[in-house]
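First the structure, in the form of structure tokens, and then the observations on it.
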Amino acid sequence: MHKKGFIFDLDGVIVDTAKYHFLAWKKLANSIGVDFSEVQNEQLKGVSRVRSLEKILEWGNKTLSEDEFMKLMGLKNDDYLTYINNMDESEILPDVTRILNILIEKKQAIALGSASKNATSILRKVNLLSKFEAIVDGNDVSKAKPDPEVFLIGAKLLNIMPENCIVFEDSVAGIQAANTANMISIGIGDEKVLHEADYIFKDFTEVSQVFIEHIISNKIQPKNKISINN
Ligand code: BG6
Ligand code: MG
């Protein structure tokens, strides 16, 4: 049996925290007189907290002093954390735990590769922290997705070559990061959005044990965009 490195994004892949980011950003944007829609929220997926606020200010044609900027970032995160504090295992997305357990049973290496600085506390909240051998999050990277840094650090911590790693991602930037890192990219979400991925599934309920076994046994290669009969 081959040992592969499976690297999971967090927001939108393991838990549906995008809805909480949306509520917190909307409240903040509206408080400074900027409209904020769900369509705009899509563009913040996988994007760091700093860059997200920069984009909102651009959309609203606003400029802020550095102090005000930092204050608003703090307010957004405080608000976001009030939602996170109420999270529990019921918010794990469908079949995530099934896939993690298959990988653990098959002695595969598992890491988290997220832009969020709240990643560890969220994993603890939903009781999944112990399933991850390595955590790479927004506190560890200097370059945001689509830069591959977050996944390359993950591979290094797992001690697995990048070409033997597989990334699960729901954002375009994350898929591009995985492709640049020379890893198999698996999009979780809308195929129209994630078409640059090697494989795309609506959610983990579509990912079969056979598919995972084929990845582990090298029957599935990157950029091999044939449809898999799972
Ligand atoms: C990403 C989310 O995972 O993390 C983004 O998709 C978010 O929406 C980013 O802005 C940073 O998260 P946090 O928790 O550090 O503000
Ligand atoms: Mg995500």
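For the reader, a short list of remarks on this structure follows.
- Distance cut-off 23 Å, percentage of C-alpha pairs in the chain lying past it: 47
- DSSP bridge analysis restricted to the chain gives an antiparallel fraction near 5%, rounded to the nearest 5.
- Accessible area per residue in Å² at 1.4 Å probe, computed on the chain: 48
- Alpha-carbon Debye profile of segment 86-181, log10 I(q)/I(0) at 0.10 Å⁻¹: -0.25
- Bins of 10 Å from zero: percent of alpha-carbon pairs in segment 9-143: 11, 41, 31, 13, 4, 0
- A quarter of the convex hull surface defined by the alpha-carbon atoms of segment 53-118 gives 6.7 nm² as the mean projection.
- Portion, in percent, of the accessible area of segment 71-121 that falls on carbon or sulfur, probe 1.4 Å: 53
- Longest to shortest principal axis, alpha-carbon extents of segment 18-84, angstrom: 28, 23, 20
- Full-extension gain in nm, ASN61 to GLU213, via 0.36 nm per residue minus C-alpha separation: 49.7 nm
- The chain, relative contact order in percent, only Cα pairs under 8 angstrom and at least six apart counted: 23
- Its relative contact order, with pairs defined as Cα atoms under 8 Å and 6+ residues apart, puts segment 18-84 at 46 percent.
- For the chain, the 222 nm mean residue ellipticity estimated from helices alone, with every DSSP H stretch of n ≥ 4 adding -39500 (n - 2.57) and the total spread over all residues, rounds to -12000 deg cm²/dmol.
- Crossing angle, helix 96-105 versus the chain [Cα axis fit, 0-90 degrees, rounded to tens]: 40
- R0 of 30 Å, Cβ-Cβ distance ASN30-THR205: FRET efficiency to nearest 0.05: 0.30
- Note on MET87: accessible area approximately 10 square angstrom, rounded to 10, probe 1.4 Å, nucleic acids and ligands left out.
- Rounded to 10°, Cα long-axis angle of helix 149-158 versus longest principal axis of the chain: 40
- Here the peptides 103-113, 52-62 are ranked by packing, the mean other Cβ count within 10 Å, and the order with the highest first is 103-113, 52-62.
The values are calculated or read from the model by the stated rules, or taken from the named source; none is laboratory data. Just so it is clear, the structure is predicted and the values come from calculations on it, not from any experiment. Neighbour counts are summed over all protein chains in view; Cβ atoms, including those assigned to glycine, are modelled from backbone coordinates with ideal geometry. Protein only, heavy atoms only, side chains kept; ligands, DNA and RNA dropped before computing areas. Shrake-Rupley method; radii C 1.70, N 1.55, O 1.52, S 1.80 Å.
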